[in-house]
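Reading through the structure tokens given below for one structure.
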Amino acid sequence: MSITRRTFVRAAVTGAAVSTSFAAGVLTPRGVRAALPPKTFTSGAPADAIRMVLGTDQSVLDAAVELDVAGMAEMADMVPLSVRTTLQNVESITIVADKNPNPIIAHYRVDSRLEPYVATRVRLAQSCQVQALVKAGGTVHRAAKDVEVGIGGCGDSER
Amino acid sequence: MSDSIRIKTTKVDGGVVVRALINHPMTAPRMDPQLSLMVPGHFIEEVTAQLNGETVLSGDWSAGVARDPYLSFKIRQAGKGDVIRLSWVDNAGNSASSQVTVS
């Protein structure tokens, strides 16, 4: 096969992209990344799951953590939710729904360049308490809100 | 699969708000009542956001994140010309990434 200018350019660009991705950590092999044990997301008890993710299940209720979610969710499989806080030195933000089959919905590690704010849409199995856990300076701060769900969700996973 | 992510950035006071939509089924593991078998589910497990090549946000997701996930966050002191890259890996080993330059 003769190397045309086009194929050469394409190969060079792809190669460069792959190596920069590696350098940037995008394509880090899964084993290398300090990932959470997969058990975290299959554990049934909220306290156990929280302990596995944050190292402790102790948290303090703190008005500095603001959890914004509707108290009545029409569609349980698409509940908009956001967490923000005025706390400093935030390490991580975790969203927990205590009656979901996998209580930990999302766990975000945030860099200091990030404003401590995340918004996601979540799925709730049934009406339950939603918690936002913010780890800052070694302690876990909490905000909680009861959410009543309407139709949908993944309720039959309870069986 | 780079078109599976749509990223929008908005410059605000003190930084840039990033809003992203990812196309993904995000199905939960569930018990099939007829077969009495666990159906594993298909969902994104890791999501990473980078600012100019450096990771600023990394998230672990369970199937509790809704279908076609929406993610929004705010980067301090970012502005015009900064490159924001978002990537994900799901439990089937698929991955995708996409990037935008703040204008």
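Structural remarks
- Computed FRET value (nearest 0.05) for A:A45 with A:A144, which takes r as the C-beta separation and R₀ as 25 Å: 0.90
- Which of B:N23, B:S95, B:T9, positive extreme of dipole for chain B (C-beta unit charges): B:T9
- Cα centre as origin, Lys/Arg/Asp/Glu Cβ charges: chain B dipole, Debye: 460 debye
- Check: the range A:45-159 dipole with +1 on Lys, Arg Cβ and -1 on Asp, Glu Cβ, in debye: 240 debye
- Accessible area of chain B belonging to carbon and sulfur atoms, whole % at 1.4 Å probe: 49 percent
- Surface accessible to a 1.4 Å probe, per residue, for the residues of chain B, Å²: 47 Å²
- Rounded to 0.05, the FRET efficiency of the A:M72 and B:E54 pair, given R0 = 41 Å and the Cβ-Cβ distance, is 0.55.
- Inter-label distance, B:R19 to B:V83: 2.6 nm, where each label sits 7 Å from its Cα along the C-beta direction.
- Placing a label point 7 Å from the Cα of A:S112 along the Cα-to-Cβ direction, no residue of the range B:28-55 has a backbone N closer than 14 Å.
- Chains A and B together, accessible area buried on both sides, 1.4 angstrom probe, square angstrom: 3200 Å²
- For the range A:59-79, a drop of 20 Å² or more in accessible area on going from the chain alone to the assembled protein chains (1.4 Å probe) is found at A:D77, A:M78.
- Per-atom-type breakdown for the range A:94-137 gives carbon and sulfur 40% of the accessible area (1.4 Å probe, protein chains only).
- Label-point separation, B:N94 to B:S36 (7 Å along Cα→Cβ), nm: 3.2 nm
- The lysines within cross-link reach of B:K8, meaning a Cα-to-Cα straight distance under 30 Å and a gap of 8 or more places when in the same chain, are A:K135, A:K145, B:K74, B:K80.
The values are calculated or read from the model by the stated rules, or taken from the named source; none is laboratory data. Values in this document were obtained by computation on a predicted structure and should not be read as measured data. A quick note on method: Cβ atoms are made from the backbone with ideal geometry, for glycine too, and the neighbour counts reach across all protein chains shown. Side chains are part of the model used for accessible areas, which takes the heavy atoms of the whole protein and leaves out ligands, DNA and RNA. Shrake-Rupley method; radii C 1.70, N 1.55, O 1.52, S 1.80 Å.
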